[in-house]
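Report on the structure given below.
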Amino acid sequence: MYEDIIYTIPKHMHTEETLKKLIMDHPEIKFVSLVGIDLAGNDTDEKIPIKAFLEDLNTFLTGAAVQTDGSSVSLPGIASLNNAKIDMAADIDCTWFVDYNYDHIDPFTHKAVGTLRIPCFLYHENKAVDSRHILKSSIETYKNSLFELFTNHPHILEEYNITIDDIENISATAATELEFWVKTPNDKAETEELSTSQVLKEQYWTRTKGSVRTALEQTLLLMDRYGFEPEMGHKEVGGVTAKLDESGKYNHIMEQLEIDWKFSEAIQAADNEIFVRTLVKETFRRNGLEVTFLAKPIDGVAGSGKHVHVGMALKLKNGKIINLFTGVKDHYLSVIGYGSIMGLLKNYEVINPFVSATNDSLRRLKPGYEAPVCIVTSLGLTTHLPSRNRTILAGLIRDLNNPLATRFELRSPNPHTNTYLAMAACYITMLDGVYYAVENNKDEDALLRELSKKPGDEFPYLETSRAYRSEDDVFEDFTEEERVAFFGKAPATVYENLTAFNKYPEKLEVLKRNSVFTDKIINSFRTTATRRWLTEISNRILNNYIDEIRSYKALHSLDKALDLDITNWMAINELRHYIMKDSYTNRSLFTKIKEAAASENYTKVSELQLELDEKMDILRKLYNSYKKNLLDI
């Protein structure tokens, strides 16, 4: 956009002298915003005039806090109305971004007005309670535990021909990506049209056109200026072909896109994603397009995922980097790598609530949409043939020509997953498996045998009743009954997912290692997710269904209708009444849900929600068949 503006301020420039000079040289930066991430994944945004920031710069840089009202963040059970003060402390050890408002041109500099966004930590009663700090604590625990294990079990490092004295640092590496739907405002596309295009893969990696192409190209160029090192932007499987209007411009746009960029250290990777999401929305909006990051914006059509890649590396004092997951011998993984994936899979039930905490996130996780439904991994058919299995939960990513590329790809997250909490839960549960592997002197062969176990095979760590690895297509090569027997039953609602905290107390304790997750944090997150689940059902889902149900009207005329048309309409109308219309003698499904929610009978709400989704699916199919059989409408 502009060649002489700055986009980032890296951590080595976070000194009082450097910042003052930088801001004086760039008067287009008018505001500062401290960005904290609450337990719902919301990022705070406020406007502090740059003058006030400069006057109090030393306070910001020394970790002193700016106070805010706890009602502005989602921390139930922590920041209450009678104890609501939240302190925001700037994080000076990460990259700061300058967010430009291209709709607001400063009349003096003739440049877009910029806001310096500074990631921060949120404190309540002098204790950190935000998502960024939880991730930081998880990584520090993993790193410190590895140093302890290396000290007590030095043979682990012998494979790399190093000792603990050769290590300068341990780095948690991570990467995310974004899938999203883009459309022209107020446009709607027929689900059947979208579904057909998806099955035929008409949109996958095809050429972008018009305003979508422009917005995508602008986004990638801006990402490069911010140092995100974008790797690719392309069409995903969902969408339909846009239409040309009379002026030669494309309208009726309904497309699914994906953007990928390079990895970073874990906390920085999560910060980058938050900013990229804003960058995407604003860039497409300036091109007259609407973006949604919902996991399942359209029923019956592919949802949007956000695969999260996690790794662990040693930085040696001589500058060399060693990937701790890469197998030194002819093996898929190292001992630490095997332990990490085993810990993640064994404890995934208590990770999943942080990954899938919304209604549409669980709607996305259905068989047949390249979205994982089973707790299972894939390593590859042989050590010389990396896995390409896209049906599993957490896959091993390897590049035989690049040992540094070894990592795990968690495929279940979606764009609204709180990446900080999801990664924190992954790292702390991975550590549980590493402790098992190292402290029990397990070698790669023993760990591979346990990871590849069949249901009923007994091993010390992984559960006897189930399997954890599959190189087969989990959707096509197993029946539903086999999937459940082999890999467990996936939760179908937010409430079912949250009950894992009660069902698996021993796995919950794994999250609490070194107080990374505390009871207070877990209960606050659970309350946040439960409230959001109920509010969305009562105030959004039911209201949307009301409009949809009312749109299903009788289309036949009695003089032309056949008996099949009348029968079809009677079935449709009966189902409409069952779902949303009360009588003196019967309560509708809507009313039952509202009553269960009011009485806090969450188990009942969950059961009724599943019934409602099933009935709505039947209603849509019935009405579609009814319409198709009519000659005149």
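The values are calculated or read from the model by the stated rules, or taken from the named source; none is laboratory data. Computed from a prediction, not measured in an experiment: that's the story for all the values here. With ideal geometry, Cβ positions are generated from the backbone for all residues, glycine too; neighbour counts draw on all protein chains shown.
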| remark: For region 145-155 the number of residues that are touching a strand residue (DSSP E or B) at 6+ places or on another chain (Cβ under 8 Å) and either buried (at least 18 other Cβ atoms within 10 Å of the Cβ) or not assigned by TED's automatic domain parsing to the domain that holds Val510 (or both) is 2
| message | Just to be sure I understand, how many residues within region 557-586 are within 17 Å of Asn543 (Cα to Cα) and basic (Lys, Arg)? | response | 2
| field | Test: Thr530 is crowded, with 18+ Cβ neighbours inside 10 Å, hydroxyl-bearing (Ser, Thr, Tyr) and modelled with pLDDT of 95 or more | value | yes
| Applying the selection to region 96-144, what residues are assigned to a loop (DSSP other than H, G, I, E, B), surrounded by fewer than 23 Cβ atoms within 10 Å (Cβ to Cβ) and in contact (Cβ under 8 Å) with a residue 40 or more places away in the chain? | Asp106, Phe108, Thr109, Lys111, Glu125
| said: Could you check region 294-323 and list, in sequence order, the residues that are surrounded by fewer than 18 Cβ atoms within 10 Å (Cβ to Cβ) and either in contact (Cβ under 8 Å) with a residue 24 or more places away in the chain or touching a His at 6+ places or on another chain (Cβ under 6 Å) (or both)? | reply: Asp299, Gly300, Lys315, Leu316, Lys317, Asn318, Ile321
| note | When Thr176 is run through (1) in contact with a His (Cβ under 6 Å, 6 or more places away or on another chain); (2) modelled with pLDDT of 90 or more; (3) not small (Gly, Ala, Ser), the failure sits at (1)
| message | Looking at region 340-399 only, could you name the residues that are over 29 Å from Thr292 (Cα atoms), in contact with a Pro (Cβ under 7 Å, 6 or more places away or on another chain) and in a loop (DSSP other than H, G, I, E, B)? | response | Arg398
| field | Criterion: touching a helix residue (DSSP H, G or I) at 6+ places or on another chain (Cβ under 7 Å), farther than 30 Å from Arg532 by Cα and touching a residue at least 40 places away in the same chain (Cβ under 8 Å) - qualifying residue of Leu447, Leu410, Leu421, Leu381 | value | Leu447
| said: Quick test for you: out of Thr109, Thr115, Thr151, pick the one residue that is of a type in the set (Val, Ile, Thr), at pLDDT 95 or above, more than 31 Å from the chain's Cα centre (by Cα) and more than 14 Å from Asn514 (Cβ to Cβ). | reply: Thr151
| query | Given (1) modelled with pLDDT of 95 or more; (2) surrounded by fewer than 24 Cβ atoms within 10 Å (Cβ to Cβ); (3) more than 14 Å from the chain's Cα centre (by Cα), where does Glu409 come up short, assuming only one miss? | reply | (3)
| task | Run down Asn414, Asn441 and say which single residue is assigned to a loop (DSSP other than H, G, I, E, B) and either surrounded by fewer than 23 Cβ atoms within 10 Å (Cβ to Cβ) or among the hydrophobic types (A, V, I, L, M, F, W, C) (or both). | result | Asn441
